[in-house]
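Q: Below is one structure. I have some questions about it.
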Amino acid sequence: MLDIQVGAEGTIRLVGRFDASQADKAEPIFKSIRMSAVADFTELDYISSAGIAIIVETYKRLLDAGHTFRLVNLNPRIRTVFGYAGLDKVMQID
Amino acid sequence: MAERQFKRDVQSLDTIFDFVADFLAANGIPPSNSFNANLLIEELFTNMVKYSKGSTGDVTIGLSRDGPTLVIRLVDHGVDAFDVAAAREVDLNQPIRERRSGGLGLHFVRRVADRVEYEYKDRTSTITVTKRLEP
């Protein structure tokens, strides 16, 4: 299960597992973000290519609109998966 | 090999992850191995769901332990061939704006698995991946 909590100041708190079964639920929430944002991964345990695709699309969309999108507090395994995709070099990951 | 059949639907993932957790616990394998096992199975399973739309049958997932190695097998009946081991490489040097969102799943499989084998016979795809277990 995945829980997504969007705060008023552009903070997106991700809790649980971001897998393909959660993509349909997550996509409209991420698409509704229209300002610079920070995705907090502190309580995210797992992500697959389906979750990463939504993060990358959001990243590109916000960048094109002149905003920023930062990813923070990734656990080591999730950070490794972003590394496998070469995204650690091209995205803002703290 | 512990085997179970799962409906060809991404919503099966929760029960698949439960199956993996139960197998690891029953075989004394530390739960730290679940992330990579889940990732390998999810990417292969969702690939079958996406690209074998003609088939309505269940997908069989099998798990076994061979000493220090986890063996994962997915069997899909009544489908066209799709050699996951030969899928195209992802260009990791592409700028973010030019990145396509697809193709990453099988790239992850190749990065995480120690070995990926594909067999196609009698319209049945069998994918076997092995992954060395973390202590």
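Q: Within the range A:38-57, which residues are facing chain B (nearest Cβ under 9 Å), out of contact with any helix residue (DSSP H, G or I) (no Cβ under 6 Å at 6 or more places or on another chain) and small (Gly, Ala, Ser)?
A: The one that is facing chain B (nearest Cβ under 9 Å), out of contact with any helix residue (DSSP H, G or I) (no Cβ under 6 Å at 6 or more places or on another chain) and small (Gly, Ala, Ser): A:Ala53.
Q: Let me ask something additional. So, of the residues in the range A:11-25 that are within 14 Å of chain B (Cβ to nearest Cβ) and of a type in the set (A, V, I, L, M, F, W, C), which turns out to be surrounded by the fewest Cβ atoms within 10 Å (Cβ to Cβ)?
A: So the residue we want is A:Ala23.
Q: Among strands (runs of 3 or more DSSP E) lying entirely in chain A, which contain 3 or more residues that are over 21 Å from B:Glu98 (Cα atoms) and either without any contact (Cβ under 8 Å) to a residue 12 or more places away in the chain or not small (Gly, Ala, Ser) (or both)?
A: Those strands (runs of 3 or more DSSP E) span A:2-6, A:11-18, A:37-47.
Q: Just wondering, is there one or more residues in the range B:127-135 that are farther than 29 Å from A:Ile93 by Cβ and among the polar types (S, T, N, Q)?
A: Yes, some residue in the range B:127-135 is farther than 29 Å from A:Ile93 by Cβ and among the polar types (S, T, N, Q).
Q: Here is a further query. Just a yes or no: is a residue in the range A:55-71 at pLDDT 95 or above, crowded, with 18+ Cβ neighbours inside 10 Å and touching a Gly at 6+ places or on another chain (Cβ under 8 Å)?
A: no
Q: Could you go through the range B:92-111 and let me know if any residue there is hydroxyl-bearing (Ser, Thr, Tyr) and within 13 Å of the chain's Cα centre (by Cα).
A: no
Q: Can you name the residue in the range B:113-132 that is surrounded by 11 or more Cβ atoms within 10 Å (Cβ to Cβ) and in a loop (DSSP other than H, G, I, E, B) and, of all such residues, is nearest to the other protein chains (Cβ to nearest Cβ)?
A: Applying the filter and picking the extreme gives B:Ala113.
Q: Let me ask you something else. Among the residues of the range A:49-94 satisfying the criterion of being of a type in the set (Gly, Ala, Ser) and more than 19 Å from A:Pro28 (Cβ to Cβ), which is nearest to the chain's Cα centre (by Cα)?
A: A:Ser49
Q: Looking at the range A:58-66, is at least one residue among the small types (Gly, Ala, Ser), within 13 Å of chain B (Cβ to nearest Cβ), out of contact with any Leu (no Cβ under 8 Å at 6 or more places or on another chain) and more than 23 Å from B:Leu39 (Cβ to Cβ)?
A: Looking through the range A:58-66, at least one residue is among the small types (Gly, Ala, Ser), within 13 Å of chain B (Cβ to nearest Cβ), out of contact with any Leu (no Cβ under 8 Å at 6 or more places or on another chain) and more than 23 Å from B:Leu39 (Cβ to Cβ).
Q: What single numbered condition from (1) crowded, with 21+ Cβ neighbours inside 10 Å; (2) at pLDDT 95 or above fails to hold for B:Val84?
A: (2)
The values are calculated or read from the model by the stated rules, or taken from the named source; none is laboratory data. Computed from a prediction, not measured in an experiment: that's the story for all the values here. Backbone-built Cβ (ideal geometry, glycine too); neighbour counts: all protein chains shown.
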